[in-house]
Amino acid sequence: MKTWITNITNMKRKTAKITKAFASLALLAMSQLSYAVDIQPNTLYPQVELDTSMGKIVVELDRTRSPITVDNFLTYVVKGHYDNTLFHRVIPDFVVQGGGLDLKKEERPTDKPIVNESGNGLSNLTGTIAMARESEPHTATSQFYFNVVDNEKLDPSSRRWGYTVFGEVTSGMEVLQAMSLVPTEFNNQLEWPDFPVQDIILKKATLLPRN
């Protein structure tokens, strides 16, 4: 029994070392990307201003909990991917989603999907920003959403992956709430429900200077 316990302990230690090594490599790769596109790699809580057709929203991102997700989002911000895009999914008492369609309602090309970091301890509560994805867990690219109510059902559980929260609104919550009340319809061009009748445009996303 003692030998079995010892072996299990050694296996756990080796597994922990391997996991730590992979995590270090991932962070190193993301830090190199951060440096390449100047997304403040040493700032733990970067802020982004979203200038929309309905007003401005400022979000503070949490790099300590979601380093890969934050760097991915900021890369799209700095490259101008989000400029002149639509918030294309609005569901009252649920979410406001954007980051993928241009003003012609066409999808913008994206980078490769990222690792799901939904188990980071952050919850899909009112005013948080999180990554949209397909049904498979590791499929998030550029699209994001705001929670306009508490949506803990989008958090991970022992049975399923969740949706990665990576920041929260620090200014402009009233703008977000107003967005959530815009009437919607089924869009025939996209075959997409919950599409705003009135275009809600993200005119520009800006990484704010360090405090």
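The values are calculated or read from the model by the stated rules, or taken from the named source; none is laboratory data. Since this is a predicted model, take the numbers as computed values, not measurements. All Cβ positions, glycine included, derive from the backbone under ideal geometry; neighbour counts span all protein chains shown. For the accessible areas, the whole protein counts, side chains as well, though only heavy atoms, and no ligand, DNA or RNA atoms are used. Shrake-Rupley method; radii C 1.70, N 1.55, O 1.52, S 1.80 Å.
Using a/c under 1.5 as the rounded threshold, could you call region 27-171 rounded, prolate or oblate? The axes a ≥ b ≥ c are square roots of the C-alpha gyration tensor eigenvalues, and prolate needs a/b larger than b/c, oblate otherwise.
On the way: a/c = 1.31, a/b = 1.03, b/c = 1.27.
Because its axes are fairly even, with a/c under 1.5, region 27-171 counts as rounded.
Using a 1.4 Å probe on the protein chains only, how many percent of the accessible area of region 58-211 belongs to carbon and sulfur? The partial results should precede the final answer.
Values: 3630 of 7360 Å².
Result for region 58-211: 49 percent of the exposed heavy-atom area is carbon or sulfur.
If you count only protein heavy atoms with a 1.4 Å probe, what accessible area per residue comes out for region 43-94, rounded to a whole Å²?
Result: 33 Å² of accessible area for each residue.
In whole angstrom, and with the biggest value first, how far do the Cα coordinates of region 47-129 range along each principal axis?
36, 31, 20
Under 13 Å Cα to Cα from LYS105, which aspartates and glutamates show up? Leave out anything in the same chain fewer than 8 places away.
In chain and number order, the partners are GLU191, ASP199.
Give me, ordered by chain and number, the residues 5 or more places off ARG89 or on other chains with an amide H under 5 Å from its own placed amide H.
GLN97
With every protein chain left in place, what is the accessible area per residue of region 100-185 in square angstrom, probe 1.4 Å? All intermediate terms of the calculation are to be shown ahead of the outcome.
On the way: 4450 Å² over 86 residues.
Using a 1.4 Å probe on heavy atoms only, each residue of region 100-185 averages 52 Å².
Give, as a single signed number, the net charge of other residues whose beta carbon lies under 13 Å from the beta carbon of ARG108, with Lys and Arg counted +1 and Asp and Glu -1. It would help to have the intermediate numbers written out before the result.
Values: positive: LYS79, LYS104, LYS105; negative: ASP83, ASP102, GLU106, GLU107, ASP111.
Residues near ARG108 contribute -2 overall.
Going down the list LYS104/LYS153; LYS112/LYS203; LYS79/LYS104; LYS79/LYS153, which pairs span over 29 Å between their C-alpha atoms? Write down the numbers at each step before the final one.
Details: LYS104/LYS153 33 Å; LYS112/LYS203 24 Å; LYS79/LYS104 19 Å; LYS79/LYS153 32 Å.
From LYS104/LYS153; LYS112/LYS203; LYS79/LYS104; LYS79/LYS153, over 29 Å: LYS104/LYS153; LYS79/LYS153.
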